[in-house]
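Working notes, structure below.
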Amino acid sequence: MRSFFVCSLAAASFSVFLVSTTLGASFAQSVVAYSPGAGAGLYTNPAAALGAPDGITGENGLAMPFFGGAVMGPFNSAYQNDELVRVGEGGSLTLRLDRYVNTGAGAEFGLIENVSFFDPSFPSGTTSSPAVVFGADNARVEVSQDGVNFVGLTGGSASDVNFDMPSLYYLNAGPFDETAPTSPLLADFGKPFTPAGGLSAFDGKSSYVDVLSVFDGSAGGKWLDASASGLGAIGYIRLSVPDDNDPSTVNTLELDSILTNSAQLGGVVPEPTMLPGIVAMISIRRSRR
């Protein structure tokens, strides 16, 4: 994964294009608008949220050079600043999907954040009871069909969501492998992940095989149902973190990728007629492995 920086001083609209396909899945295609907000730090590359997640995280030693590369999975979420974009307090990120996802029964899209399990029997790949994760965050979610009019998941104002679900890349890798499998089997990025009980479905798993069984072949992440939004299809997603006006805490969201339900995909999403936003500095990331 490589990135380069493009600077612009113009107060203008912007869009970053990326085409990426993994197992026929559909992802975010371009950045419509990005405002980092407070506490974004080094993670201000909005193009990091485009395309599929990376199967190996930490191989470049960016942002956290004291860690080495490892397979991305439920015990190793992405952490590099070319893999994640951060939305801080008062900030927001609006992304255009490459294809519409039609609303209907069940979850339409999912978000992969940097959520990882604590392993009480490290390095066995087990979970405690209740299961404990690191990196869970809260953010507000809005969806749009035309890129101009946004609503919450149930219509009206933005919906608050707790992003607390882990993700999976390889079905046949170990929990702490440093390299990809010789004959890799990828998880399904277009299969909704909505286990009964949410995070509690992972409580007390005594083996990594048991952890994998909860995913049931899905790539995981936090999947959301927008069927009550009043929209027939979703082409744009906006994430924001409100300012809590508490200087002692800084709330943030770290986004890796957006996944869409492959069974509900529609046509290609066009660029919106008006793209709000000011470009300060942006890094364009090519499609992931």
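The values are calculated or read from the model by the stated rules, or taken from the named source; none is laboratory data. Please read all numbers here as calculations on a predicted model, not as lab measurements. FYI the Cβ positions are ideal-geometry reconstructions off the backbone, even for glycines, and counts take in every protein chain you see. Surface accessibility is based on the protein's heavy atoms, side chains included, excluding ligands, DNA and RNA. Shrake-Rupley method; radii C 1.70, N 1.55, O 1.52, S 1.80 Å.
Report the net charge of residues surrounding G267, where surrounding means a beta-carbon distance below 11 angstrom and charges are Lys +1, Arg +1, Asp -1, Glu -1. Once positives and negatives cancel, what remains is 0. Label-to-label distance for D216 and N172 is 2.3 nm, based on points extended 7 Å past Cα in the beta-carbon direction. Solvent exposure of segment 127-187, expressed per residue, is 46 Å² of accessible area, with all protein chains present and a 1.4 angstrom probe. Over every Cα atom in segment 161-221, the radius of gyration and the widest Cα-Cα span, Dmax, amount to 11.9, 37 Å. Once the C-beta distance of D243 and S128 is scaled by a Förster radius of 51 Å, the resulting FRET efficiency is 0.95 to the nearest 0.05. Approximating the spin labels as points 7 Å out from Cα along Cα→Cβ, the D146-to-S200 distance works out to 4.3 nm. Summing charges over all other residues whose Cβ lies under 15 Å from the Cβ of P120, with Lys and Arg as +1 and Asp and Glu as -1, gives -2.
Net charge in the neighbourhood of E89 (other residues with Cβ under 10 Å of its Cβ; Lys, Arg +1, Asp, Glu -1) is -3. Across every direction, the projection of the convex hull enclosing the Cα atoms of segment 94-180 has a mean area of 8.1 nm². Each peptide in 229-239, 173-183 was scored by the mean count of other Cβ atoms within 10 Å over its residues; highest first, the order is 229-239, 173-183. Under 5 Å between amide hydrogens, built in the peptide plane, is the criterion, and for A52 it picks out R288 among residues at least 5 positions away or on other chains.
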